[in-house]
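Worksheet: the structure to be examined is printed underneath.
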Amino acid sequence: MDGPGESSNEHDLAAERHRCERWFVHRGLPHLIHDYSASSDVLTRAAPFLAFVVFIEFFFVFGDRWTGWAQAGIFVVGSTVMAGAMALVNRIRGRRLWQLPERFGITEVLAYLGLGAVFAGLGSSNAVIVDAALALGLNAVLLVGAYVVTSWGLLPMVRWSVGQLWRQVGQMMTLLAKSLPILLVFSAFIFLNAEMWQVANDFTLPFFGMVALLLMAVGALFVIISVRRLAVDMARFPSWADVRSRCANTPVAKLVPAEEAPPPDSPPLGRRARFNVSLLLFVAQSIQIALVAVIVTCFYVLFGIFTVRESTLLQWTTLSQVTWEGSWVVRLPLWSGELLFSRQLVLVAAFIGLFSGLQFAVSVVLDSSYRSEFAEDMTEELREALAVRAVYHRTLVTETP
């Protein structure tokens, strides 16, 4: 029988492990957690959102089918169904009647899917089965969405990427300044080209959206190539000294083994963990490249407002007049003249911004100096997370439950 000292030590290790795993989640790298599972890790974290969905769907019982005291009775029935379902699931799991689940398995999933259908059926005035089926389908879609977002830590991932972006604004401005002469020569030729304005005039928004998606897909392909290069061998460390220097401000700073300990030998990244690392890099780089595209777009919108007059726009296109119905133009009087903010200007500026973002992505992938400056801080942050993983596997992960 374990003594109180051993029990206390196990409790401390469990708390340290939980703190470290939460740190992985907050960094957008939940798949670095050992034995990461859907039931005990993913859906349990999504449970508050799913419970909120069921709470909102509870108000489906207040349909047009019932009025007066009948509606009050249905409210009581719905409340009883919701409370009874929770109590039944907890009883099946061997938990206290009103205990929150620490594991979200098939029983909880069925209860979540079924409650919305029951509420919709209770409040339906006509097609009970159809309304219940629609509620069931909606819940299934939300469940899949919550699983994907929670499993891969997409919200923390975006938050971390935006934080990186904020810290790297000065560096990005430097990189943008390096590429600005090429971007201006390339983009100014397009902006001052009458054919480009005619193309923008003929574009409908759906077709422009298709072109934008095509350019973004090509840019994403280059980002993927860059990510694959960055993600190679980052999980390997030659010594604990290298690990210690990277773990200084992390939850495992006091747990790094001594220098004389066996060298780091954490298991290789699995397929899902590798994809998680690559996805984090992809999201971070995509946000940064998107910022470049937005900056260039805004510049040319502002530049076009001051340089492209109505007479010039009419000469560059087949328009006989610029109207709100055809161009949703906004006229801005200034001094003795008039400035135009038009649909054509927005489309041309957005087109140039998309191409500039694509060119910037290509430069980051093909130019080693661009790549090292652009991704250095981001790579260091990721190496820090992988160094924490090395300590986590050596000191906190036990194979026995």
Handout entry: Residue-normalised accessible area of the range 227-307, expressed per residue, 1.4 Å probe, Å²
Key = 54 Å²
Handout entry: Cα-Cα separations in the range 199-344 greater than 27 Å, expressed as whole percent
Key = 53 percent
Fill in the blank from the handout: For the range 112-119, in residue order, the Karplus 3J(HN,Hα) values (coefficients 6.51, -1.76, 1.60; θ = phi - 60°; whole Hz; Gly and Pro = x) are 4, 5, x, 4, x, 5, 5, 4
Fill in the blank from the handout: Residue by residue through the range 139-146, the couplings from Karplus 6.51 cos²θ - 1.76 cosθ + 1.60 with θ = phi - 60°, in Hz, x for Gly and Pro, are 5, 5, 5, 5, 5, 5, x, 5
Exercise for the section: Order the peptides 200-207, 351-358, 127-134 from the highest to the lowest mean number of other Cβ atoms within 10 Å of their residues. Expected result: 351-358, 127-134, 200-207
Handout entry: R0 of 51 Å, Cβ-Cβ distance M234-F341: FRET efficiency to nearest 0.05
Key = 0.65
Exercise for the section: With all protein chains present, calculate the accessible area of E381 using a 1.4 Å probe and round the result to the nearest 10 Å². Expected result: 50 Å²
Exercise for the section: Order the following by accessible area, largest value first: C298, C20. Probe radius 1.4 Å; ligands, DNA and RNA are ignored. Expected result: C298, C20
Completion exercise
Most packed first (mean Cβ within 10 Å per residue), the peptides 385-391, 135-141, 332-338 order as 385-391, 135-141, 332-338
Completion exercise
Taking placed amide H atoms and a strict 5 Å upper bound, the residues 5 or more places from L339 or on another chain that come that close are L332, L334
Exercise for the section: Calculate I(q)/I(0) for the range 282-323 by the Debye formula, one identical point scatterer on each C-alpha and no solvent, and give its log10 at q = 0.15, 0.21, 0.30, 0.34 Å⁻¹ to two decimals. Expected result: -0.54, -0.71, -0.95, -1.02
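The values are calculated or read from the model by the stated rules, or taken from the named source; none is laboratory data. Note that this is a predicted model, so its numbers are computed, not measured. Don't worry about glycine lacking a Cβ; one is built from the backbone with ideal geometry, like all the others, and counts go over all protein chains shown. To get the accessible areas, we keep the full protein, side chains included, count just its heavy atoms, and leave off ligands, DNA and RNA. Shrake-Rupley method; radii C 1.70, N 1.55, O 1.52, S 1.80 Å.
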